[in-house]
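Shown next, in structure tokens, is the structure this report addresses.
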Amino acid sequence: MSDLKRGLGEAVQAAFADLGLPPDLGRVTVSDRPDLADFQSNGALAAAKQAGRNPREIATAIAERLAADPRLASVEIAGPGFINLKLTDAALAARAAQVAADPRAGAETVETPRRVIVDYGGPNVAKPMHVGHLRSSIIGESIKRLYRFRGDTVVGDAHFGDWGYQMGLLIGAVTDENPAIGAEVERLNAEGSTDEPVPAVFEAVTLADLDRLYPLAAARGKEDADYRDRARKLTAELQAKKAGAFLLWRRFAQVTQEALTRDFHALGVDFDLWKGESDADPLIPEMVAELAAKGLLEDDQGARIVRVAREGDKRELPPLLVVSSEGSAMYGTTDLATILDRRRTFRPDLVIYCVDQRQADHFEIVFRAAQLAGYAHPGQLEHVGFGTMNGADGKPFKTREGGVLKLSDLIDMTRAKASERLHEAGLGEDLTVDEFQETARKVAVAALKFADLQNFRGTSYVFDLDRFTSFEGKTGPYLLYQAVRVKSLLRKAEKEGASVGPIAVAEPAERDLALTLDAFNAALVEAYDRYAPNVLAEHAYRLAQSFSKFYAACPMLTAGLAVRASRLSLAGATLRQLELALDLLGIETPEKM
RNA sequence: GCGCCCGUAGCUCAACCGGAUAGAGCAUCCGCCUUCUAAGCGGACGGUUGCAGGUUCGAGUCCUGCCGGGCGCGCCA
């Protein structure tokens with residue numbers, strides 16, 4: 001079952017082939033001029049250019065071959081050689097009926113499913129999530145769901161940032177502040193085992209402590225060489241699995257993961273794997289040996305590196321730093337080892353790194369090194385970068401007090417506002433307290449996620465609290481509102497014994513809704529190919545809007561029997577597709593609001 | 001200095017391999033609730049797509065140069 005756009009595309013392409021023209025020029029797109037047509041093909045223009053012929057002539061020849069197509073009410077040539085295609089109401093109705101009958105609401109699956117890993121780019125130990133972390137989790141989650149829905153086998157991995165120099169900094173800062181912990185670390189380093197449980201003294205460490213200490217330690221590490229050297233030494237101790245350092249680190253990871261799990265859960269984001277950089281650590285020795293055996297490793301200024309620069313590069317790309325002069329594994333080391341680990345345990349066809357755009361160079365370096373080492377083919381590793389979130393001043397977002405806004409605070413604020421609005425509107429009064437809370441949570445999450453996902457991931461954007469927590473216009477709550485209206489309508493219809501029936505389209509709003517329903521698959525394909533959830537978000541919004549217009553223009557319960565049955569079918573198809581699209585964006589739909 | 005990204009309506013963002021009249025939302029103004037949820041619907045206003053060239057039948061989109069902004073450039077992650 002194919003959507004109309006593709007079906008018509010095949011017909012036009014066949015007509016191009018008939019005329020001895022390149023078939024791929026016969027691509028059909030949704031019309032730019034809905035007043036003139038439903039779909040259009042611009043291929044005659046490109047073909048004319050290639051063949052040195054008159055475009056209108058070619059367009060006319062194509063149109064003659066399409067005239068007999070029973071799906072088309074009209075085929076017209078316009079302007080320099082646009083081919084305008086208008087569908088019959090019957091063809092539209094038939095397609096809408098297909099969508100209505102399809103559990104996948106008209107969405108197809110990929111021909112050859114792949115094994116895919118989505119790497120969420122690592123929330124870090126010791127750093128509570130702030131608004132800057134919204135993007136990787138929201139975009140990553142949506143991409144994961146989208147790929148899975150299209151038929152791929154997908155695993156989402158948090159890729160926890162839990163290894164490296166920052167851990168050494170923290171171990172130093174915490175032991176300095178709390179001598180009891182320091183003494184216990186010393187004792188365990190000397191005579192303990194990493195198999196022991198985390199000692200009770202370490203439980204004094206909270207996420208708030210880490211959050212407070214880390215920026216101080218990082219700043220001091222930058223200006224104080226001795227402090228930095230000590231932190232590096234502690235990092236090396238941790239990576240050498242000294243029991244004291246290791247168990248204290250376990251405590252850091254514990255408290256952080258608890259908080260992160262809570263925040264992610266509130267956002268409806270869940271990982272299939274909660275692996276960390278530390279999990280790749282055991283593979284590092286053999287990986288280093290292998291890199292050396294392959295002749296890829298070079299000694300340079302006391303460190304060991306892999307050179308990845310290529311002939312023809314526009315500038316010199318720095319090498320991958322595999323082993324620091326202190327003997328520590330670096331960011332790129334664990335990333336490369338993780339590629340090796342995944343290759344062995346999952347054999348992915350594709351790994352999607354959903355990470356800040358600023359790390360593009362880093363990934364280019366790691367990916368090149370992976371290819372040199374034979375761990376990956378070109379195209380198998382994709383960095384899907386996203387822009388940064390800035391404040392109204394164009395700089396990274398800060399609260400009025402100058403601090404970062406914690407993600408959990410943002411969610412709470414938005415949820416409180418949603419509750420307030422529900423109360424104001426007198427909505428949800430028949431809900432229990434729990435149901436009401438749950439609805440407010442869903443509204444809040446929808447607002448936050450949709451505000452992010454409607455932007456193309458690659459561009460940076462301004463974080464505006466009012467806009468993020470806005471419930472009117474092109475927002476998540478608008479989409480939920482439309483879905484809930486359909487649900488309410490269908491409940492009422494059921495109570496009145498009204499049933500669905502064959503779909504007919506006649507009114508402009510019905511035609512428009514049917515066309516929008518048809519566009520779902522194309523939106524999914526594009527969002528999938530371009531790693532661009534905003535394409536899907538845009539479709540969901542258009543669908544909600546089409547429905548809202550239809551809802552206003554086409555009464556259902558008061559209509560005649562056949563019309564009512566048809567419109568209820570359209571409403572049902574809309575609901576299913578809208579809920580599916582929202583789910584793929586990671587947005588849950590409440591029953592009532 | 002070198003490299004990457006960006007510059008679209010007052011604001012925040014879209015725009016499918018280069019196509020017709022560059023679209024939404026917010027804001028402003030005007031209409032629409034005794035009938036299915038008004039968090040809605042309809043309408044108005046709003047543009048030299050940073051500037052200057054070039055390629056093309058056709059450029060927001062491709063090329064060159066400038067201006068403005070963001071980011072990155074091995075021992076943080």
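The set of residues in region A:310-334 that are under 16 Å from residue A:367 (Cβ atoms) and surrounded by fewer than 17 Cβ atoms within 10 Å (Cβ to Cβ) comprises A:310, A:313, A:317, A:318.
Can residue A:491 be described as among the basic types (Lys, Arg) and surrounded by 22 or more Cβ atoms within 10 Å (Cβ to Cβ)?
Working: among the basic types (Lys, Arg): yes; surrounded by 22 or more Cβ atoms within 10 Å (Cβ to Cβ): no.
No; evaluated as a whole, the condition is false for this residue.
For residue A:588, the requirement of being closer than 20 Å to residue A:477 by Cα and charged (D, E, K, R) is met.
Over 37 Å from the mean Cα position of the chain (by Cα), within 12 Å of RNA strand B (Cβ to nearest atom) and not in a helix (DSSP H, G or I): is that true of residue A:70 in this structure? Here the answer is no, as residue A:70 does not meet what is asked. In region A:22-36, of all residues being in contact (Cβ under 8 Å) with a residue 40 or more places away in the chain and within 6 Å of RNA strand B (Cβ to nearest atom), the one that is farthest from residue A:81 (Cα to Cα) corresponds to A:30.
Let me spell it out: the conditions are (1) open to solvent by less than 70 Å² (accessible area, probe 1.4 Å); (2) over 25 Å from the mean Cα position of the chain (by Cα); (3) acidic (Asp, Glu), and residue A:277 meets all of them except one. Which number is the exception? In the conditions (1) open to solvent by less than 70 Å² (accessible area, probe 1.4 Å); (2) over 25 Å from the mean Cα position of the chain (by Cα); (3) acidic (Asp, Glu), residue A:277 misses (2) alone.
Report, by residue number, each residue of region A:292-309 that is assigned to a loop (DSSP other than H, G, I, E, B) and either open to solvent by 30 Å² or more (accessible area, probe 1.4 Å) or at pLDDT below 90 (or both).
A:294, A:295, A:296, A:301, A:302, A:307, A:309 - these are the residues of region A:292-309 that are assigned to a loop (DSSP other than H, G, I, E, B) and either open to solvent by 30 Å² or more (accessible area, probe 1.4 Å) or at pLDDT below 90 (or both).
For residue A:444, indicate whether it is more than 9 Å from RNA strand B (Cβ to nearest atom) and either out of contact with any His (no Cβ under 8 Å at 6 or more places or on another chain) or among the aliphatic types (A, V, I, L, M) (or both).
On the way: more than 9 Å from RNA strand B (Cβ to nearest atom): yes; either out of contact with any His (no Cβ under 8 Å at 6 or more places or on another chain) or among the aliphatic types (A, V, I, L, M) (or both): yes.
So residue A:444 fits the description; yes.
Among residues of region A:516-544 that are closer than 18 Å to residue A:352 by Cα and not assigned by TED's automatic domain parsing to the domain that holds residue A:458, none has a Cβ under 7 angstrom from a residue that is open to solvent by less than 20 Å² (accessible area, probe 1.4 Å) and within 9 Å of RNA strand B (Cβ to nearest atom) at a sequence gap of 6+ or on a separate chain. Out of A:571, A:562, one residue alone is hydrophobic (A, V, I, L, M, F, W, C) and touching a helix residue (DSSP H, G or I) at 6+ places or on another chain (Cβ under 8 Å). It is A:571.
Listed here are the residues, each with its yes/no results for (1) more than 29 Å from residue A:254 (Cα to Cα); (2) within 9 Å of RNA strand B (Cβ to nearest atom); (3) part of a helix (DSSP H, G or I); (4) in contact (Cβ under 8 Å) with a residue 12 or more places away in the chain.
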{"residue": "A:287", "(1), (2), (3), (4)": "no, no, yes, yes"}
{"residue": "A:290", "(1), (2), (3), (4)": "yes, no, yes, yes"}
{"residue": "A:311", "(1), (2), (3), (4)": "yes, no, no, no"}
{"residue": "A:318", "(1), (2), (3), (4)": "yes, yes, no, yes"}
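Given the condition among the polar types (S, T, N, Q), away from RNA strand B (no atom under 16 Å from the Cβ) and free of Cβ contacts under 8 Å to residues at least 12 places away in the same chain, answer yes or no: does some residue in region A:80-95 qualify? No, every residue in region A:80-95 fails to be among the polar types (S, T, N, Q), away from RNA strand B (no atom under 16 Å from the Cβ) and free of Cβ contacts under 8 Å to residues at least 12 places away in the same chain. Quick check on residue A:516: is it near RNA strand B (Cβ under 9 Å from one of its atoms), crowded, with 20+ Cβ neighbours inside 10 Å and at pLDDT 95 or above? No, not satisfied. The set of residues in region A:494-512 that are surrounded by 14 or more Cβ atoms within 10 Å (Cβ to Cβ) and within 10 Å of RNA strand B (Cβ to nearest atom) comprises A:498, A:509, A:512.
For region A:522-571, a residue qualifies if it is more than 30 Å from residue A:384 (Cα to Cα), part of a helix (DSSP H, G or I) and open to solvent by less than 30 Å² (accessible area, probe 1.4 Å), and the qualifying residues are A:546, A:547, A:548, A:550, A:565, A:566, A:567, A:568, A:569, A:570, A:571.
Just one of the listed residues (A:478, A:461) is closer than 26 Å to residue A:556 by Cβ and buried (at least 16 other Cβ atoms within 10 Å of the Cβ), and it is A:478.
Anything in region A:147-160 that is buried (at least 23 other Cβ atoms within 10 Å of the Cβ) and either on the phi > 0 side of the Ramachandran plot or assigned to a helix (DSSP H, G or I) (or both)? List them, or say none. Answer for region A:147-160, where residues must be buried (at least 23 other Cβ atoms within 10 Å of the Cβ) and either on the phi > 0 side of the Ramachandran plot or assigned to a helix (DSSP H, G or I) (or both): A:147, A:159. Residues of region A:444-471 that are over 27 Å from residue A:526 (Cα atoms) and at pLDDT 90 or above: A:444, A:471.
Does region A:247-267 hold any residues that are within 16 Å of RNA strand B (Cβ to nearest atom) and either of a type in the set (Lys, Arg) or over 30 Å from residue A:587 (Cα atoms) (or both), and which are they? If the condition is that a residue be within 16 Å of RNA strand B (Cβ to nearest atom) and either of a type in the set (Lys, Arg) or over 30 Å from residue A:587 (Cα atoms) (or both), then A:249, A:252 are the ones that fit. Checked against the criterion of being closer than 27 Å to residue A:27 by Cα and near RNA strand B (Cβ under 8 Å from one of its atoms), the candidates A:541, A:481 yield just one match: A:541.
When region A:252-269 is filtered for residues that are of a type outside the set (Val, Ile, Thr), part of a helix (DSSP H, G or I) and open to solvent by less than 30 Å² (accessible area, probe 1.4 Å), the ones remaining, listed by number, are A:252, A:253, A:259, A:260, A:263, A:264, A:266. Take the conditions (1) more than 6 Å from RNA strand B (Cβ to nearest atom); (2) in contact with a Phe, Trp or Tyr (Cβ under 9 Å, 6 or more places away or on another chain); (3) acidic (Asp, Glu); (4) open to solvent by 10 Å² or more (accessible area, probe 1.4 Å); residue A:472 misses just one of them, which is (1). If you go through region A:572-586 and keep only what is buried (at least 24 other Cβ atoms within 10 Å of the Cβ) and within 14 Å of RNA strand B (Cβ to nearest atom), you end up with A:574, A:578.
Only one residue in A:295, A:302 is within 26 Å of residue A:169 (Cβ to Cβ) and either out of contact with any strand residue (DSSP E or B) (no Cβ under 8 Å at 6 or more places or on another chain) or more than 7 Å from RNA strand B (Cβ to nearest atom) (or both). Which one? Before the answer, list the steps.
Values: A:295 fails: within 26 Å of residue A:169 (Cβ to Cβ).
Within the list A:295, A:302, the selection yields A:302.
Would you call residue A:125 under 37 Å from the mean Cα position of the chain (by Cα) and within 27 Å of residue A:147 (Cα to Cα)? Against the criterion (under 37 Å from the mean Cα position of the chain (by Cα) and within 27 Å of residue A:147 (Cα to Cα)), residue A:125 does not qualify.
Whether a residue is outside any helix (DSSP H, G or I), touching a helix residue (DSSP H, G or I) at 6+ places or on another chain (Cβ under 9 Å) and surrounded by 16 or more Cβ atoms within 10 Å (Cβ to Cβ) was assessed, and residue A:103 does not pass this test.
The values are calculated or read from the model by the stated rules, or taken from the named source; none is laboratory data. Just so we're clear, the structure is a prediction, and the values are computed from it rather than from any experiment. Glycine also receives a Cβ, built like all others from the backbone with ideal geometry; neighbour counts cover every protein chain displayed. These accessible areas exclude ligands, DNA and RNA; they are computed on the full protein's heavy atoms, side chains included. Shrake-Rupley method; radii C 1.70, N 1.55, O 1.52, S 1.80 Å.
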